[in-house]
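Read the structure below first, then the notes.
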DNA sequence: GACAAAAGTGCACGGGCGTACTATTTTATC
DNA sequence: GATAAAATAGTACGCCCGTGCACTTTTGTC
């Protein structure tokens, strides 16, 4: 059994029970491996958690970031980021919803290497967004006084509230509201200064 | 030891480890009670989780909803909701951040009474927001074509991204960005239709 | 085909978990 | 102050946890 296959399954499991609820015994069971056989691949549970997070991140890069970066620079690329991001649960379906959202609320007060890794990943992602917005400004698509970091946090909010409404509340309108909210964000960034 | 005191501590503990990570043994230890003595108060762990959630909700009502509802109807009340909500981590400080955010990502795929309760609470809260917005419309403060449910989801997004940025990323600007984002939301709702 | 490396197994350990059951102590009521 | 009720304690149970260790099987290389 390849490590990739293990991490793939572990990622799905974590999305349901969290990185803390992820258990070597259960993971081994589901993969029809002995507990010690699986354990040997990683030398600790913490390593397993770390690698699950890294695996998920590389998926995210392939499914969201890379394709979006191939869109024309400026506003279209910002739009592409949003579109791909919103499609991320479909291009990479996990049984328990986005693993990063889960991990974020789980690890936000648990110091350690796993948290540190997640923080770095999230900061990197927010910076990618901010930089894309910056380019949209220098390209003349967005207003000069748009704050890229503000835009990034706002966009993140659109995704998080969409996740909340769709996964917890099962609200069928969550998706379309997210699109509407992004549209408002985009238009506000374009609008000429009063 | 009164049940209120137990729930109070259990709420703080849950905010750190989650409702699933909440453990009767640890809770008993920290309260200097025997495990079975504490267990007798609730007849199962699920009951404990449920009551923790109910306790937190009643706190939220007292700290956020009631005070906000005493503001003048219409736009000021919408503003009051946001202000109180943003202050909620301060008026009711928990060691591990908002317990509802934690619970939402933990329970979003775990059917059962605890999840059902959380969903009802969240829907109620979103409806309170939407109704307040509705009143702001009939009062003539907000435009007629403002969608109250859309506004509620957007506002939720502002809070969630603020929580994410401040708790996980420890970003000192998270708060002020949230205020800025709400300001944009409010102004967009006021602005005369083009 | 020998042989080293890698992958996987079996078993054991100490510990924490939720939950019964029974006993004891505290508290409130008359 | 007796007595019923409520709160707390003690102990035990089976289960799953992460991890270590010795062993066997598979795999790839010369």
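Pairs of Cα atoms nearer than 8 Å and 6+ residues apart set the relative contact order; for the stretch B:138-186 it is 33 percent. You can think of it this way: the chain between residue B:92 and residue B:54 has 12.2 nm of extra reach, that is 0.36 nm per residue less the Cα-Cα gap.
So how tilted is helix A:148-163 from the main axis of chain A? Cα-based, degrees 0 to 90, rounded to 10. Helix A:148-163 sits at roughly 60 degrees to that axis.
Summed over all non-identical Cα pairs, the Kirkwood treatment of the stretch A:1-146 gives a radius of 16.6 Å. Cα centroids of the stretch B:6-69 and the stretch B:133-194: 31 Å apart. Each copy carries residue A:139; placing its label point 7 Å along the C-beta direction from Cα gives inter-copy distances of 4.2 nm, listed from smallest up.
Across chain A, the mean sequence separation of Cα contacts (distance under 8 Å, 6 or more residues apart), normalised by length, yields a relative contact order of 20 percent. Seen through its C-alpha gyration tensor, with square-root eigenvalues sorted a ≥ b ≥ c, the protein assembly as shown comes out oblate because a/c lies at 1.5 or above while a/b is not bigger than b/c. What is the angle, in °, between the Cα long axis of helix B:75-91 and the longest principal axis of the Cα atoms in chain B? Nearest 10 is fine, range 0 to 90. Tilt relative to chain B: about 30 degrees. Model label points for residue A:143 and residue A:110, set 7 angstrom from Cα along the Cα-to-Cβ axis, are 4.2 nm apart. Computed over the stretch B:1-82, the alpha-carbon pair-distance distribution with 5 angstrom bins reads 3, 15, 23, 19, 11, 9, 8, 7, 4, 2, 0, each value a whole percent.
When a/c is below 1.5 the answer is rounded, else prolate if a/b is larger than b/c, else oblate, so apply that to the stretch B:54-125 with a ≥ b ≥ c taken from the square roots of the Cα gyration tensor eigenvalues. Prolate shape, in that a/c is at least 1.5 and a/b is the bigger ratio.
Principal axis analysis of the Cα atoms in the stretch A:131-194 yields extents of 39, 20, 17 Å, listed in decreasing size. Each principal axis of the Cα atoms in the stretch A:34-86 has its own extent, and those three values, largest first, are 50, 16, 15 angstrom. Across the stretch B:44-116, the relative contact order, built from alpha-carbon pairs under 8 Å that are at least six residues apart, equals 31 percent.
The sum of -39500 (n - 2.57) across all DSSP H runs of n ≥ 4, divided by the residue count of chain A, sets its helix-only mean residue ellipticity at 222 nm to -23000 deg cm²/dmol. Once the Cα atoms of helix A:3-21 and of chain A are each reduced to a long axis, what angle between those two axes, in degrees from 0 to 90 to the nearest 10, is obtained? Roughly 80 degrees, rounded to the nearest 10. Per-residue extension of 0.36 nm, minus the Cα-Cα distance of residue B:40 and residue B:187, leaves a gain of 47.6 nm for this segment.
Label-to-label distance for residue A:23 and residue B:30 is 2.2 nm, based on points extended 7 Å past Cα in the beta-carbon direction.
No value in this document is a laboratory result; all are computed from the given coordinates. Since we're looking at a predicted model, the values are computed, not measured. In this analysis, Cβ positions are derived from the backbone assuming ideal geometry, glycine residues included, and neighbour counts consider all displayed protein chains.
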